[in-house]
Amino acid sequence: AQSVTQPDIHITVSEGASLELRCNYSYGATPYLFWYVQSPGQGLQLLLKYFSGDTLVQGIKGFEAEFKRSQSSFNLRKPSVHWSDAAEYFCAVGAGAAGNKLTFGGGTRVLVKP
Amino acid sequence: GAVVSQHPSWVICKSGTSVKIECRSLDFQATTMFWYRQFPKQSLMLMATSNEGSKATYEQGVEKDKFLINHASLTLSTLTVTSAHPEDSSFYICSAVQINYGYTFGSGTRLTVV
């Protein structure tokens, strides 16, 4: 069975500082990995995804993530955080092709200090 | 881009009544739709997987007679919460999948049962 762990429940970062959100997954084969962002009371917006190829993935809003198979990790990073980045972030893993269910991590809430 | 419309965005109903939530893919045909439930400050929990023209597949612990899912077309899936009770109050999110677009999420429905 697939699973996802996001070790940090909350992260507080100053505006302009860098941000890294951790994600560890468990899956027997090559995973499909996703990062989503959710604002309060809203649905999920896809930031980026990894299926294969280059292990450093660029996404929207200046985010990037690096797939490290040896560490079973897919950490999300942003060099300089903006106040609008305050939100809940979810890492998810899917099995194989699109159409299989996604398993979500517990989420990390990001607070941005002015 | 792929857009999923979910209605209503919020609903308040009396205990014992039924509520229907719609999930529509506006500009693509979805091979599969997923329904998730999210409690406050928690992650998304998959309730069921819905394929057009066939019965939904429910996750363990989800009452299929309470959460009725109908997937009548490639663009519409509905979730009906029957005989709702306060413990059913939650945020419900759908996701539609198409091979070219991947997973697209609706904006969610906040259900409050009073």
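Things worth noting here:
- Segments classed as strands (runs of 3 or more DSSP E), wholly inside region A:20-114, with at least 2 members that are within 11 Å of chain B (Cβ to nearest Cβ): A:31-38, A:44-50, A:87-95, A:102-104, A:108-113
- Condition met for residue A:81 (among the hydrophobic types (A, V, I, L, M, F, W, C), without any contact (Cβ under 8 Å) to a residue 60 or more places away in the chain and more than 21 Å from residue B:108 (Cβ to Cβ)): no
- Checking every residue in region A:32-54 against the condition of being basic (Lys, Arg) and farther than 25 Å from residue B:99 by Cβ gives zero matches.
- Complete set of residues in region B:16-37 that are buried (at least 22 other Cβ atoms within 10 Å of the Cβ), at pLDDT 95 or above and part of a loop (DSSP other than H, G, I, E, B): none
- Residues in region B:1-19 that are among the hydrophobic types (A, V, I, L, M, F, W, C) and over 12 Å from the mean Cα position of the chain (by Cα) were compared, and the one that is farthest from residue B:113 (Cα to Cα) is B:2.
- Of the residues making up region B:1-13, one or more are in contact with a Gly (Cβ under 6 Å, 6 or more places away or on another chain) and within 18 Å of residue A:38 (Cβ to Cβ).
- Filtered residues of region B:14-25 (kept if of a type in the set (A, V, I, L, M, F, W, C) and out of contact with any Asp or Glu (no Cβ under 9 Å at 6 or more places or on another chain)): B:21, B:23
- Selection from region B:63-77 of residues that are surrounded by fewer than 19 Cβ atoms within 10 Å (Cβ to Cβ), within 13 Å of residue B:35 (Cβ to Cβ) and polar (S, T, N, Q): B:70
- The single residue among B:68, B:111 that is within 13 Å of the chain's Cα centre (by Cα), assigned to a strand (DSSP E or B) and over 23 Å from residue A:36 (Cβ atoms) turns out to be B:68.
- Among the conditions (1) free of Cβ contacts under 8 Å to residues at least 24 places away in the same chain; (2) in contact with a helix residue (DSSP H, G or I) (Cβ under 7 Å, 6 or more places away or on another chain), residue A:112 misses just one, which is (1).
- Filter result for residue B:49 (within 30 Å of residue A:7 (Cα to Cα), in contact (Cβ under 8 Å) with a residue 40 or more places away in the chain and surrounded by 16 or more Cβ atoms within 10 Å (Cβ to Cβ)): no
- Neighbours by Cβ (under 6 Å, 6+ apart or cross-chain): first from region B:22-41, closer than 23 Å to residue B:10 by Cβ and within 10 Å of another protein chain (Cβ to nearest Cβ); second of a type in the set (Phe, Trp, Tyr) and outside any loop (DSSP other than H, G, I, E, B): B:38/B:91
- Selection of region B:1-15 for residues being more than 22 Å from residue A:45 (Cβ to Cβ) and either buried (at least 16 other Cβ atoms within 10 Å of the Cβ) or among the hydrophobic types (A, V, I, L, M, F, W, C) (or both) yields B:11, B:12, B:13.
The values are calculated or read from the model by the stated rules, or taken from the named source; none is laboratory data. These numbers were taken from a predicted model, which means no experiment stands behind them. Heads up, the Cβs are rebuilt from the backbone with ideal geometry, glycines too, and the neighbour counts pull from every protein chain shown.
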